[in-house]
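S.K.: Quick one: the structure is below, questions incoming.
Laboratory data are not the source of any read-out in this text; all were calculated from the coordinates shown. Fair warning: this is a prediction, and the values are worked out from it, not measured in the lab. Using ideal geometry, Cβ is built from the backbone for each residue, glycine included, and neighbour counts are taken over all protein chains shown.
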Amino acid sequence: MRLNSMSTNITREPQVERRLHARHRSRTNVYLILPGGRRQVCRAVNLSAAGVFLRTAGLGLRKGQTVDLVFALNMKTVTKLHRRRATVAHVSSGGTGLLMEACALP
């Protein structure tokens, strides 16, 4: 934000999008595996190649914490499990943003 010294008009600088990958709306369930092995089913709100935003409530997640994610992908005749390790990027009242590692877990 910049204040014009000749008047009281305030001009806002345009915000720069920091994401490298497009987000896509999602309504899939994701199994969140917390340190210690505790599991929680969460709803994914949006998903990109590098991250996911999950609806979470009262899990006590903290920024920087590492968790495992399991996506159950329905392939008509079989359900494929896709596992990724992720780091908590931010926690808000609406949920948790997670940055996924580039490689899938075995």
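S.K.: Going highest first, how would you order 70-79, 29-38, 47-56 by mean Cβ packing within 10 Å?
M.R.: Top to bottom by mean Cβ count within 10 Å: 47-56, 29-38, 70-79.
S.K.: Taking the Cα centre of segment 38-106 as the origin, how large is its charge dipole in debye, to the nearest 20, when only Lys and Arg (+1) and Asp and Glu (-1) carry charge on their Cβ atoms?
M.R.: It comes to approximately 160 debye.
S.K.: Once label points are set 7 Å from the Cα along Cα→Cβ at both Gln40 and Leu81, what is their separation, rounded to one decimal in nm?
M.R.: Between Gln40 and Leu81, the label points sit 2.0 nm apart.
S.K.: If each residue of separation counts as 0.36 nm, what is the full-extension length gain between Ala57 and Ala89 once their alpha-carbon separation is subtracted? Don't skip to the end; give the middle numbers.
M.R.: On the way: separation 32, 0.36 × 32 = 11.52 nm, distance 1.58 nm.
Length gained between Ala57 and Ala89: 9.9 nm.
S.K.: Rounded, prolate or oblate for segment 29-106? Axes are the square roots of the Cα gyration tensor eigenvalues, ordered a ≥ b ≥ c, and the cut-off for rounded is a/c under 1.5.
M.R.: Verdict is prolate for segment 29-106.
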